[in-house]
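Notes follow the structure.
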Amino acid sequence: MKRPESTIESMLISLSPPAPVMSPVHRGEATHCPYCALQCGMNVSGGTGGTIAITPRHDIPANAGALCQKGWTAGELLTSGARLTTPLARASRTSPLEPVSWDDALDRVAAAVRGIQAEHGRDAVAVFGGGGLTNEKAYQLGKFARVALGTSHIDYNGRFCMSSAAAASNRAFGMDRGLPFPITDVAAAGAVMMVGGNVAETMPPFLRHLRNTLIVIDPRDTRTARQATLHLRVTPGTDLALALALLHIAITEGQADLDYIAARTTGFEAVRESVASWWPERAERVTGVPVARMREAVHLLAGAGTAMILTGRGAEQHAKGVDTVTAFINLALALGLPGRPGSGYGCVTGQGNGQGGREHGQKADQLPGYRSIGDPAARAHVAGVWGIDPGELPGPGRSAYELLDTLGTAEGARALLVFGSNPVVSAPRASHVGERLAALDLLVVSDFVLSETAAMADVVLPTTQWAEEHGTMTNLEGRVLLRRQAVAPPSGVRSDLAILSGLAGRLGHDEGFSADPGVVFDELRRASAGGVADYSGITYERIAAETGVFWPAPSEDHPGTPRPFLDRFPTPDGRARFVPVDHRPAAEDIDGDYPYYLTTGRVLAHYQSGAQTRRIPALNEAAPEPYVELHPDLAERLEVAPGDMVTVSSRRGSAEAVARVTRAIRRDTVFMPFHWEGANRLTNPALDPVSRMPEFKVCAVRVERRAPVLMAGERDGAAARAGRGRGA
Amino acid sequence: MRLVVIGNGMAGTRLAGEVRARDKSVQVTVFGAETRGPYNRVLLSNVLAGTASPEQVRLPAQAEGVTARLGVTVTAIDRESRTVLTAGGGREPYDVLVLATGSEPVVPPIPGATRAIAFRTMDDCDRILGAAATATGAVVIGGGLLGVEAARGLAGRGMPVTLLHLAGHLMDRQLDAEAGLVLGEALAGLGVTVRTGVSVSAIHAHGVELATGETRASELVVLACGVRPLAGLARDADLEVAQGIVVDDRMRTADPAIYAIGECAQHDGTVYGLVAPAWEQAAVVADLITGADPTARYRGSRLVTRLKAKSVELAAMGETHLTEDASGAVEVVSFSHRARGIYRKLVIRNDRLVGAILVGESPTVGTLTQLYDRGGPLPGDPAGLLFPGLDGAALADSPVRMPDSARVCECNNVTKGRIRACWEAGARDTAAVVAATRATTGCGTCRNAVEGLIGWLREQEEVRA
């Protein structure tokens, strides 16, 4: 069913006060940026006239005084006129969203949830969370789903982000902590190999930590690649073959650290035999990376005193993302890096709380403390904290894409509650996801702006945001940080915790769902105690005094664990595990009908689906519109000039974007940023068999110059442009 | 289903693994004449050169559920009863039989040829290395891919090596004369004496005699005179054998229960001597016999030859011998710089790359291989494919040439124009410009550019003053 959209814009204007009234709670509160996993430290103070002043903090090693434009302008989010300040609801599916009271909104949600569950069972209601939510919210959301709703169906957008690296790290090390070392170790490393990560755009201050030899593996000549000592320009979807060949070279050229392998790992023999089939000349043909460059990369990495291999989404967002990361971990293990001071493997987490968000139970198969929902001991422990019988805890639910894909179908949920996510823009095959959301009986979205997903909702719940509430965030290092409240929220909004508390009460759970983040964090500490991600020794006071605490911290007198792998790996035998993997082609390769690869990614000025950053004028000015990067040779063949509108189509949909012609992209590949609706209409929801990660980073497309729609008076100019290239 | 595979080399091993990966219910028996477990034959020259050890080229032992019968020679195929017979008198029934018997070295009919060691298996490799331990020099007969790799490998072990080749230039199947010359010069620089256009008349105990009567003293003589498909079993079973065992697009012989893959098979008139086609064929056969993809067909392979020899970069692919003709259908683009050991040649037909030779360091080898493999369209001007340096856009390297709209600080979207405006508004040093624009406060890589710009603005002002 199609929702009416025409009234949204006009309504927003009438709903939002010209500028929400901001009254600073404290001046210059030390807190953290609302965006990426670097979680740059910043001081936030309410300035004059309702504006917010932001200055970088120097005491947080991640940014140490630096900020990118997103951080500097983050205050505008708080004062944005696009802010939602009252709950909205529709009288019927065809009616427009209209303001309602909080009681009315929550009553409606609770009544609809009860009705749907009574008729279709508890799993008919699903929850979708986000990697930007604080630890407290992520924890409470998981508890709310399992206890108040009693549904097994909760997953979150981090499935689209960190799941492949997480699964590979767990498989190899028995623990998934993004960087198992402080970020300052990166700066000291003699060489860093960055696989499919473009930190210059995604988290600019990270580049300050890449000081020595840098090897970048990326199909694009990104700004990060331009800083590199060596750039391996790999064919999209072939990082795995490259990793296998790099390991082959390391082994045959005697770079493997046999003493380390013997002392600290298991499974090397099987991996060595498996990479005997990946001699570099074979991989060259698959990856397009010259053998000589592969050798150089191995020599740079092995020759540095300390070295790191870091992966980003470029390596991970594939239907073989787990195996790709595993192959790079195997390389790191063969070179003796993990668990050595100053060396190691790490993944560069993306979302603000992408680390903490994957630890405390908003994942379909997981309970707080990074516990498995299938583990009887874990179930007993968490059920004990929650005061329920372990038998009442649901089992594992569907992964994010599978959850969205089945909405409104016979086997799927009929109601969805979304917190901190905008899947209409960010999910793969997004048009289809939009159709599934439209087929729901009930869609509830909690957000602070009217995102594309919120605009489809039956009930929209306006929430507080980063600097308006307390909470903890765990950054890419696994350092638990305190994001302090710096300003008072506008009247009319409630925190996600308060919303969950209100809903839980209406669903018969008056106890156990506090709206106070401090109370929730204390419960999280107990629930995580004894788990892999043990937060039990971490308090708000400690975080403030120590500028962050590294988990695991099993007791208040435990110093935290900056480098968890130094002495042993948290596997049963204390050793890291080599796991043999093999290359396989992309789920969808290019062919005559769809002859180019599409790869997607980020631009500096925007974050995720752009729901926040597209509403900030300075960021919109820096990156105003979706675009597609084409190589000059491809542009010439398609007769596309810079600035032309082109249509990019895949088997799943099409999108229009402005052409940018650049040699930074390969001849066989086009690139689109995904911060706007469009790019994800094209992407492929083929899933990794282990992590259930969709294949965002490679699919087959065709590209055409869009026939210009001519306005009167433009015809001559357009005709002249259309003629260009053809006669020449 | 009972699948019997004859041959435990790279094709047979691969097939067994591919079949088991698709269908665990297939009972697979693999017969191998060599008693060793599977190893990567492609890398034998590396073992010869000492750049890889024998265990480093070992392939995973047969997949779980595969019975490997090593050292057991199959002597006959009884097509009537669908059974293979072994040297020990054993019988193994099959539902599907795959011949992956590979090939054997060609030994030229010259006196004393048995004194030479053919270079084909790991055992050969052991023998050559055993002899090399005491030999003061080596002669390699045959300047094809394997001969060149063997000569380079032995020279790398510090012994003088002579490479003898019958044709006018090295690797004449893959290379044109110019490329062969450049390759020969590269080898000469590494201690290999190359003699082309020579034939050997006899191999003596202490050397090789050429047709000219000249002799080359050497205790170690290695033969690399090509290979011939091992098709005797098929021939004896009345299956069609031309150069190799003749198969269709299913890799099947005229007997629907018998397939052939790898170096023993002949598809569409071609016997492939490389591993990539053998593996593609194995995947097709696995798809067909397990029913995973009944439509799977083998349509031939594009051949890319990549020399594996330390300090010698060489890639050759496709129709390297085509020349420009009067019709203009074929275009040849080439570049030669013999003093640097560089030769690059592209053969283009209908805007597609149909052949290429790259000798010496070539940063575009990956790009060209993929263009050839995929038949992708070429740019109007192919120069960028030979010289990637030409591909880079000219950078605005000085503040003067930089337009006002050029972004200096990406992280905070600060243009040259804004920095200039700041300066004109009174910001006289980096700190003041940074405070006003936030330039340099993100990733920090633009710091030099910002400082350079401010220095230039200062100079400009001094000039005006």
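The values are calculated or read from the model by the stated rules, or taken from the named source; none is laboratory data. None of the values given here were measured: they were computed from a predicted structure. Note that we place each Cβ from the backbone using ideal geometry, even for glycine, and neighbour counts take in every protein chain shown.
Could you tell me whether residue A:471 is free of Cβ contacts under 8 Å to residues at least 24 places away in the same chain and either in contact with a Leu (Cβ under 9 Å, 6 or more places away or on another chain) or within 21 Å of residue A:159 (Cα to Cα) (or both)?
No.
Residue A:235 is checked against (1) more than 10 Å from every other protein chain (Cβ to nearest Cβ); (2) within 32 Å of the chain's Cα centre (by Cα); (3) not in a helix (DSSP H, G or I) and fails just one. What number does that condition carry?
Of (1) more than 10 Å from every other protein chain (Cβ to nearest Cβ); (2) within 32 Å of the chain's Cα centre (by Cα); (3) not in a helix (DSSP H, G or I), only one is false for residue A:235: (1).
Can you run down the residue pairs with Cβ atoms below 8 Å, 6 or more apart or on separate chains, where the first is in the range B:113-135 and within 16 Å of residue B:227 (Cα to Cα) and the partner is among the charged types (D, E, K, R)?
From residues that are within 16 Å of residue B:227 (Cα to Cα), the pairs are B:117/B:124; B:117/B:127; B:118/B:124; B:120/B:104; B:121/B:34; B:121/B:41; B:122/B:34; B:122/B:36.
Please give the number of the condition residue A:408 fails out of (1) more than 21 Å from the chain's Cα centre (by Cα); (2) buried (at least 24 other Cβ atoms within 10 Å of the Cβ); (3) not in a helix (DSSP H, G or I).
Single failed check for residue A:408: (2).
Does residue A:598 meet the test of being on the phi < 0 side of the Ramachandran plot and outside any strand (DSSP E or B)?
no
Out of the residues in the range B:350-366 that are more than 21 Å from residue B:182 (Cβ to Cβ) and either within 15 Å of the chain's Cα centre (by Cα) or assigned to a strand (DSSP E or B) (or both), state the one that is farthest from the other protein chains (Cβ to nearest Cβ).
B:354
Looking at the range A:299-331, which of its residues are surrounded by fewer than 24 Cβ atoms within 10 Å (Cβ to Cβ) and under 27 Å from residue B:308 (Cα atoms)?
Correct list: A:299, A:300, A:302, A:303, A:304.
Pull up the range B:420-439, narrow it to residues that are in a loop (DSSP other than H, G, I, E, B) and of a type in the set (D, E, K, R), then point me to the one that is surrounded by the most Cβ atoms within 10 Å (Cβ to Cβ).
Once the filter is applied, the top-ranked residue is B:438.
If you go through the range A:618-651 one residue at a time, how many are aliphatic (A, V, I, L, M), within 13 Å of chain B (Cβ to nearest Cβ) and closer than 15 Å to residue A:595 by Cα?
Selection size over the range A:618-651: 4.
Could you check the range B:294-325 and list, in sequence order, the residues that are of a type in the set (Lys, Arg), surrounded by fewer than 19 Cβ atoms within 10 Å (Cβ to Cβ) and modelled with pLDDT under 90?
B:310
Among the residues of the range A:513-549, which ones are of a type in the set (S, T, N, Q), outside any helix (DSSP H, G or I) and touching a residue at least 60 places away in the same chain (Cβ under 8 Å)?
A:547
Within the range B:261-307, count every residue that is in a helix (DSSP H, G or I), of a type in the set (A, V, I, L, M) and under 19 Å from residue A:280 (Cα atoms).
3
If you check A:185, A:259, A:176, A:221, which single one turns out to be under 27 Å from residue B:412 (Cα atoms), of a type in the set (D, E, K, R) and away from chain B (no Cβ under 14 Å)?
On inspection, the qualifying residue turns out to be A:185.
If you take the residues of the range B:440-452 that are crowded, with 22+ Cβ neighbours inside 10 Å and touching a Lys or Arg at 6+ places or on another chain (Cβ under 8 Å), which of them is nearest to the other protein chains (Cβ to nearest Cβ)?
Taking the candidates together, the pick is B:443.
From (1) part of a helix (DSSP H, G or I); (2) under 47 Å from the mean Cα position of the chain (by Cα); (3) among the small types (Gly, Ala, Ser); (4) more than 14 Å from chain A (Cβ to nearest Cβ), pick out the condition that doesn't hold for residue B:455.
Checking residue B:455 against (1) part of a helix (DSSP H, G or I); (2) under 47 Å from the mean Cα position of the chain (by Cα); (3) among the small types (Gly, Ala, Ser); (4) more than 14 Å from chain A (Cβ to nearest Cβ), the one that fails is (2).
Select from the range B:426-453 the residues that are within 10 Å of residue B:412 (Cβ to Cβ) and among the aliphatic types (A, V, I, L, M) and list them in ascending order.
B:434, B:439
Condition check ((1) within 24 Å of residue B:337 (Cβ to Cβ); (2) touching a strand residue (DSSP E or B) at 6+ places or on another chain (Cβ under 7 Å); (3) not aliphatic (A, V, I, L, M)) across all residues:
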residue	(1), (2), (3)
B:141	no, yes, no
B:147	no, yes, yes
B:150	no, yes, no
B:175	yes, yes, no
B:179	yes, yes, no
B:183	yes, yes, no
B:192	yes, yes, no
B:195	no, yes, yes
B:198	no, yes, no
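Could you tell me whether any residue of the range B:11-18 is surrounded by 20 or more Cβ atoms within 10 Å (Cβ to Cβ), at the interface with another protein chain (Cβ under 10 Å from one of its Cβ atoms) and assigned to a strand (DSSP E or B)?
no
Which residue out of A:73, A:86, A:79 is of a type in the set (S, T, N, Q), within 14 Å of another protein chain (Cβ to nearest Cβ), surrounded by 17 or more Cβ atoms within 10 Å (Cβ to Cβ) and closer than 20 Å to residue A:447 by Cβ?
So the residue among A:73, A:86, A:79 that is of a type in the set (S, T, N, Q), within 14 Å of another protein chain (Cβ to nearest Cβ), surrounded by 17 or more Cβ atoms within 10 Å (Cβ to Cβ) and closer than 20 Å to residue A:447 by Cβ is A:73.
Output the residue which, of all residues in the range B:70-92 that are among the small types (Gly, Ala, Ser) and at pLDDT 95 or above, is surrounded by the most Cβ atoms within 10 Å (Cβ to Cβ).
B:76
From (1) closer than 28 Å to residue A:167 by Cβ; (2) of a type in the set (D, E, K, R); (3) within 12 Å of chain B (Cβ to nearest Cβ), pick out the condition that doesn't hold for residue A:602.
All conditions pass for residue A:602, except number (3).
Could you identify the single residue in A:242, A:207 that is within 12 Å of chain B (Cβ to nearest Cβ), of a type in the set (A, V, I, L, M, F, W, C), within 20 Å of the chain's Cα centre (by Cα) and assigned to a helix (DSSP H, G or I)?
Going through A:242, A:207 in turn, the sole match is A:207.
Condition test on residue A:552, is it free of Cβ contacts under 8 Å to residues at least 40 places away in the same chain and either under 25 Å from residue A:350 (Cβ atoms) or in a strand (DSSP E or B) (or both)?
Answer is yes for this residue.
Going by what's in this entry, would residue B:153 be described as away from every other protein chain (no Cβ under 14 Å) and either touching a residue at least 12 places away in the same chain (Cβ under 8 Å) or in a helix (DSSP H, G or I) (or both)?
When the stated conditions are applied, residue B:153 does not pass them.
Condition first: of a type in the set (A, V, I, L, M), away from every other protein chain (no Cβ under 11 Å), touching a helix residue (DSSP H, G or I) at 6+ places or on another chain (Cβ under 7 Å) and at negative phi. Can you find one or more residues in the range A:264-284 that meet it?
No, the range A:264-284 contains no residue that is of a type in the set (A, V, I, L, M), away from every other protein chain (no Cβ under 11 Å), touching a helix residue (DSSP H, G or I) at 6+ places or on another chain (Cβ under 7 Å) and at negative phi.
Which residues, counting only those in the range A:373-405, are of a type in the set (Gly, Ala, Ser), free of Cβ contacts under 8 Å to residues at least 60 places away in the same chain and buried (at least 16 other Cβ atoms within 10 Å of the Cβ)?
Residue satisfying the conditions is A:383 alone.
Quick grid of which residues meet (1) within 19 Å of the chain's Cα centre (by Cα); (2) assigned to a helix (DSSP H, G or I):
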site: A:293; (1), (2): no, yes
site: A:298; (1), (2): no, yes
site: A:305; (1), (2): no, no
site: A:325; (1), (2): yes, yes
site: A:329; (1), (2): no, yes
site: A:341; (1), (2): no, no
site: A:351; (1), (2): yes, no
site: A:362; (1), (2): yes, no
